[in-house]
1. Using alpha-carbon positions, what is the distance between the centroids of the stretch 108-148 and the stretch 1-30, in Å?
2. Could you grab the relative contact order for the chain? Cα pairs under 8 Å, six or more apart, rounded to a whole percent.
3. Spin-label point model (7 Å from Cα, Cβ direction): what's the ASP215 to ASP5 distance in nm?
4. Three principal axis extents, largest first, for the C-alpha atoms of the stretch 1-103, in Å?
5. At 0.36 nm per residue, minus the direct Cα-Cα distance, what do GLN111 and GLU89 gain on full extension? Give it in nm, one decimal, please.
6. Counting only pairs 8 or more residues apart or on different chains, how many lysine pairs in the chain have their Cα atoms under 24 Å apart?
7. Evaluate 2.2 N^0.38 Å with N set to the residue count of the stretch 48-95, then give the Cα radius of gyration divided by it.
8. Mind ordering 136-148, 21-33 by average Cβ neighbours within 10 Å, highest first?
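What follows is calculated from the coordinates using simple rules that are stated; it is not laboratory data. Bear in mind the structure is a predicted one, so any value in this text is a computation, not a measurement. Cβ: placed from backbone, ideal geometry, glycine included. Neighbour counts: every protein chain shown.
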Amino acid sequence: MGLQDIQARIAAAVRAAGRAEGSVSLIAVSKVQPPERVAAILAEGQRLFGENYVQEAAGKWPAWRVQFPGVAVHMIGPLQTNKAKQAVELFEAIHTLDRPSLATKLASLAQARGASPNLFVQVNTGAEPQKAGVLPEALDAFVAETRRLDLPVVGLMCIPPEQEDPAPHFALLAEMAARNGLAGLSMGMSSDFEAAIAAGATHVRVGSAIFGARDYGAKA
Ligand SMILES: *Cc1c(COP(=O)(O)O)cnc(C)c1O
């Protein structure tokens, strides 16, 4: 498929939804991809990327940041509290704030540094036991707590259950964001970003449709 196809499909979905041009940011999810594939997308002009693993991001992005000014990298994978310090130094945004202990840790890091990445609260819209994220019924209280901690929460993020129609999950996330006065909606991946844009996504996280399939065997 490639970058330009995805950009064109995003623009078409934005138009079809009657939304403003440029209202959706494409996060190119580069986790586990070989460096030459990522370098090719950088050369095409893409500057916003998503990574799932702190260690992997720490290994590859510092050099590319020097080489390609304007690069921003967002953390979209589960974040262990003991990696939070490294994460706030590496990423412009973290999409996976999902528990009070991590909120407390990020708040103390923000105090110490006088700065914090923008944060999205991950919501487990399908209430799946194996999946990270705040449960929908706990979301409003959690967002209130992040405000009390003075954290820069800018939006919500979700990963809908794999075997379900994602549209109701996107609609639920949009409703919860509106109710909490949050403008950001990080939702939509390779298989469903157009539906997410129709439901109001501001950030879509697209990996394999841009880079090709991930080869986890090659990473290990
Ligand atoms: C890997 C990943 C993506 C990208 O998935 P694709 O299906 O390759 O587009 C998006 N969001 C999250 C949270 C991911 O972990």
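1. 26 Å
2. Numbers: 381 pairs, mean separation 48.4, N = 220.
Reported as a whole number, the value is 22 percent.
3. Each label point is offset 7 Å from its Cα along the Cβ direction, giving 2.0 nm.
4. Principal axes ranked by extent give 42, 33, 22 Å for the Cα atoms.
5. On the way: separation 22, 0.36 × 22 = 7.92 nm, distance 1.35 nm.
Result for the pair: 6.6 nm of gain on full extension.
6. 15
7. Values: Rg = 10.0 Å, N = 48, 2.2 N^0.38 = 9.6 Å.
That ratio works out to 1.05.
8. On the way: 136-148: 15.1, 21-33: 19.2.
The most tightly packed comes first, giving 21-33, 136-148.
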